[in-house]
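Data first, discussion second: the structure below is written as structure tokens.
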Amino acid sequence: MSDIMTAKNLNLWYGETHALKNVNITIPEKSITAFIGPSGCGKSTFLKTLNRMNDLIPSVKITGEVCYNGQNIYDNSVDVNELRREIGMVFQKPNPFPMSIYDNIAYGPRTHGIKSKVKLDEIVEQSLRDAAIWDEVKDRLKKNALGMSGGQQQRLCIARALAVKPKILLMDEPTSALDPISTSRIEELAIELKKCYTIVIVTHNMQQAVRISDNTAFFLLGELIEYGETEKLFSQPTDKRTEDYITGRFG
Amino acid sequence: MKKNKMIERTIHGIFLILGLLTVGCVLLITVYLVISGIPAITEIRLFDFLFGTKWASTAAQPSYGILPFILTSVYGTAGAILIGVPIGFFAAVYLSKLANPKVKTIMEEAVSLLAGIPSVVYGLVGMLVLVPAVREIFDIPDGASLFSAIIVLAIMILPSIIKVSMTALEAVPKEYEDASLALGATPVETYFKVSVPAAKSGIAAAVVLGVGRAIGEAMAVMMVSGNVPNMPSLFQSVRFLTTAVASEMSYSSGLQQQALFSIALVLFLFIMLINATLNFFLKKEKD
């Protein structure tokens with residue numbers, strides 16, 4: 001498996017706060033990489049550096065490199081909008097737009113210039129199928145998306161992200177606001193999706209990392225403490241702090 | 001314990017009375033307007049009053065048709081909305097989403113100031129600057145016209161439109177915008193395709209509020225519109241519903257005075273309608 005993203009000596013400050021300290025990591029493609037760690041450890045912050053969503057916060061300063069397909073995404077020549085199209089994101093709280101299910105999915109493709117109704121219909125159906133929600137919504141595509149349950153909304157958000165045909169899907173604690181059944185559906189979906197997409201998921205739930213991820217990175221106080229195959233990291237952690245965290249001594 | 005309860009009750013009572021005072025004023029005005037507005041309408045006959053095109057209250061054969069005033073008010077308001085809404089709307093999008101904090105603070109301050117300027121000052125500046133300019137630019141005998149009034153009204157309604165739209169735009173959850181940006185939309189695409197649609201009821205309320213302000217304005221338009229009861233035409237002197245009442249009240253008597261009350265009643269009904277529309281949009285915004 002080849003590497004699709006690499007961070008080199010990445011540092012990030014929120015104003016005076018040094019939130020990420022010299023992070024180095026490589027993320028293999030078509031796999032699931034999980035970021036774990038206690039609250040405030042920088043895992044979500046790091047996730048957002050991967051598609052430059054941190055750019056939106058005025059006081060952020062970043063040094064180092066994040067390479068996607070060999071290109072530093074913080075280079076001036078990079079088109080941020082194109083980058084975000086290729087590296088999609090699913091947020092912690094399901095955030096469908098206050099419009100119809102159809103328009104939610106079609107939003108991205110329309111933004112990127114697709115106008116043909118036939119083409120849009122096709123993308124909407126395919127995206128909803130890929131997100132395993134087509135059967136539940138195919139009869140109410142014109143209904144407002146805010147009328148769906150939380151779990152459905154989150155799968156809709158995944159479908160919406162897939163509609164612009166990204167290569168990577170970043171998921172920021174996508175199940176933390178969901179019930180156990182919805183959570184397991186999202187997890188199954190993630191495993192299904194890794195056949196075609198690279199998935200990076202931030203999770204608070206260590207069992208979730210064990211269940212679905214191939215590799216796990218453990219963050220603590222802005223540092224990447226340990227990174228490796230999930231099975232190995234959870235069974236034989238090399239760092240004492242990792243062991244303390246996964247055995248529940250803090251966190 | 002008992003003493004506390006007494007104090008609570010007394011305070012409740014005082015607040016209730018203060019609240020009822022407002023309601024009482026509205027009721028009083030409504031009842032008074034209806035009672036004093038109806039006689040002239042019955043005497044002139046409703047149809048002739050509303051659709052008569054000639055207002056000659058002091059002529060030997062007086063004529064009390066207020067269609068010129070109604071149309072002037074409607075056209076004037078529509079014109080002000082046509083000019084003021086696009087400017088106010090884009091300004092609101094800019095201030096709530098794009099402007100850097102320093103620019104935003106200064107411009108918001110300016111907008112508040114604009115809202116605080118008394119209407120007579122708008123009228124004065126309009127009279128001394130705008131009216132002569134309109135006369136020169138369009139080469140007409142008198143610059144005091146519907147056009148000048150529209151310009152003044154458009155400026156006067158800007159603060160309401162900007163402020164109410166901004167409030168609605170700023171209330172759009174950031175999550176919506178994040179989702180759009182994460183799909184690769186540019187910030188401007190995001191604001192117009194996600195934020196504005198999400199705030200549309202609030203923006204509609206802003207427009208309706210602007211309509212209310214424009215139709216109710218008297219002093220400023222009286223000073224720049226020429227105040228002649230013509231059927232409205234863009235570059236002619238005109239008279240509005242508000243100014244019709246204001247300009248004749250001091251020397252009116254008899255049926256003429258009663259007719260002025262009837263005009264006020266018509267204006268009042270317009271405002272009621274606008275308020276109902278406003279409440280409709282505000283309620284929608286809440287849901």
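Overview of results
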| quantity | calculated |
| --- | --- |
| Test: residue in region B:170-188 that is at negative phi, away from chain A (no Cβ under 14 Å), in contact (Cβ under 8 Å) with a residue 60 or more places away in the chain and touching a Ser or Thr at 6+ places or on another chain (Cβ under 7 Å) | yes |
| Selected residue (criterion: surrounded by the most Cβ atoms within 10 Å (Cβ to Cβ)) from residues of region A:132-147 that are assigned to a loop (DSSP other than H, G, I, E, B) and free of Cβ contacts under 8 Å to residues at least 60 places away in the same chain | A:Ile133 |
| Of all residues making up region B:167-199, the number that are surrounded by 18 or more Cβ atoms within 10 Å (Cβ to Cβ), within 15 Å of A:His112 (Cβ to Cβ) and hydroxyl-bearing (Ser, Thr, Tyr) | 2 |
| Some residue of region A:35-52 being of a type outside the set (Val, Ile, Thr), facing chain B (nearest Cβ under 9 Å), within 30 Å of B:Val172 (Cβ to Cβ) and part of a helix (DSSP H, G or I) | no |
| Enumeration of residues in region A:56-94 that are facing chain B (nearest Cβ under 9 Å), within 19 Å of the chain's Cα centre (by Cα) and without any contact (Cβ under 8 Å) to a residue 40 or more places away in the chain | A:Leu56, A:Val80, A:Asn81, A:Glu82, A:Leu83, A:Arg84 |
| Where a residue in region A:184-206 is among the β-branched types (Val, Ile, Thr) and its partner, wherever it lies, is in a helix (DSSP H, G or I), with Cβ under 6 Å and at least six apart | A:Ile191/A:Ile212; A:Ile199/A:Ala190; A:Val202/A:Lys43; A:Val202/A:Ser44; A:Val202/A:Leu47; A:Thr203/A:Ala209 |
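Conditions (1) part of a helix (DSSP H, G or I); (2) of a type in the set (Lys, Arg); (3) surrounded by 15 or more Cβ atoms within 10 Å (Cβ to Cβ); (4) at pLDDT 95 or above, marked per residue:
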{"residue": "A:Ile201", "(1), (2), (3), (4)": "no, no, yes, yes"}
{"residue": "A:His204", "(1), (2), (3), (4)": "no, no, yes, no"}
{"residue": "A:Gln207", "(1), (2), (3), (4)": "yes, no, no, no"}
{"residue": "A:Ala217", "(1), (2), (3), (4)": "no, no, yes, yes"}
{"residue": "A:Pro237", "(1), (2), (3), (4)": "no, no, yes, no"}
{"residue": "A:Asp244", "(1), (2), (3), (4)": "yes, no, no, no"}
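Quick grid of which residues meet (1) surrounded by fewer than 20 Cβ atoms within 10 Å (Cβ to Cβ); (2) closer than 24 Å to A:Thr198 by Cβ; (3) hydroxyl-bearing (Ser, Thr, Tyr); (4) touching a strand residue (DSSP E or B) at 6+ places or on another chain (Cβ under 6 Å):
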residue	(1), (2), (3), (4)
A:Val90	no, yes, no, yes
A:Pro96	no, yes, no, no
A:Tyr107	no, yes, yes, no
A:Ile114	yes, yes, no, no
A:Lys119	yes, no, no, no
A:Gly150	yes, no, no, no
A:Cys157	no, yes, no, yes
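The values are calculated or read from the model by the stated rules, or taken from the named source; none is laboratory data. Owing to the predicted nature of the structure, the values given are computational and were not obtained by experimental measurement. A quick note on method: Cβ atoms are made from the backbone with ideal geometry, for glycine too, and the neighbour counts reach across all protein chains shown.
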